[in-house]
Structure formats: C-alpha cells, structure tokens
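Working notes, beginning with the structure itself.
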Amino acid sequence: MYIIECPGKFFVPIRKGQFEILGMTATVDDITAVSRVTLVDTDSFDIKASTYDLRKGLIDVKGLPNQKGILEQMFPGPLKTMRGLSVIQSDNVVPGTIKVFLR
C-alpha cells in the first residue's frame, strides 16, 4: 500500500489512469464545523470541463462537528478507477493532508 504523491513528495490526491484505491484520510481544519471530501473517477483535472457524474463518485466522506479531527474511509476491498481520480470537494480540510492509499 502506498500514498499518491507528486514528485516533490507532497500528498496529491489526483492521478490519471486505472488503479486500485484502498482508502483515504484527511485532517479536519476546524473540528467544530462540518467537513467533507469528495473524490470522483474522471480523466480531467479541470473540474469545470470534466465529464464526471457526482452520483458515480468514488469516495464521499462527511464529518460532523465535534467529532475526531480526521476524516477517513478504508475499504475491505479495493475500488478500481476507470479513468483517474480527482478531488471535487474538500470543505474544512487542511490543505495538503488528503491522502489516498493505493495498492
């Protein structure tokens, strides 16, 4: 299992191609507010020009106020992408802390 990173070794949850996702985590910025991270299977990193369908999102993790400071979702089996992975929503999340785990 490894985390998607850019060449500079920063966590970047964006990647093209077919691969298997095992889970994701993100650090919540303000634990007194709601938080949410949504990842979709898309081949475009320009969300405005993308052809994603929100109903076909891969991961949609929501955090309630006054809960733990980490959003996380791990899967018993891998989720396979068809085109790639992109973040379309990251509300109340510390920038650079979204980690997507791959096989």
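Of all residues in segment 16-35, those satisfying the criterion of being out of contact with any strand residue (DSSP E or B) (no Cβ under 7 Å at 6 or more places or on another chain) and β-branched (Val, Ile, Thr) are ILE31, THR32.
Of the residues making up segment 76-93, those that are surrounded by 13 or more Cβ atoms within 10 Å (Cβ to Cβ) and over 13 Å from the mean Cα position of the chain (by Cα) are PRO78, ARG83, ASN92.
Values quoted throughout were computed directly from the atomic coordinates according to the rules given, and no laboratory measurement underlies them. Predicted model, so just to flag it, every value in this text is computed and none were measured. Counting neighbours? That spans all protein chains shown, and the Cβs are built from the backbone with ideal geometry, glycine included.
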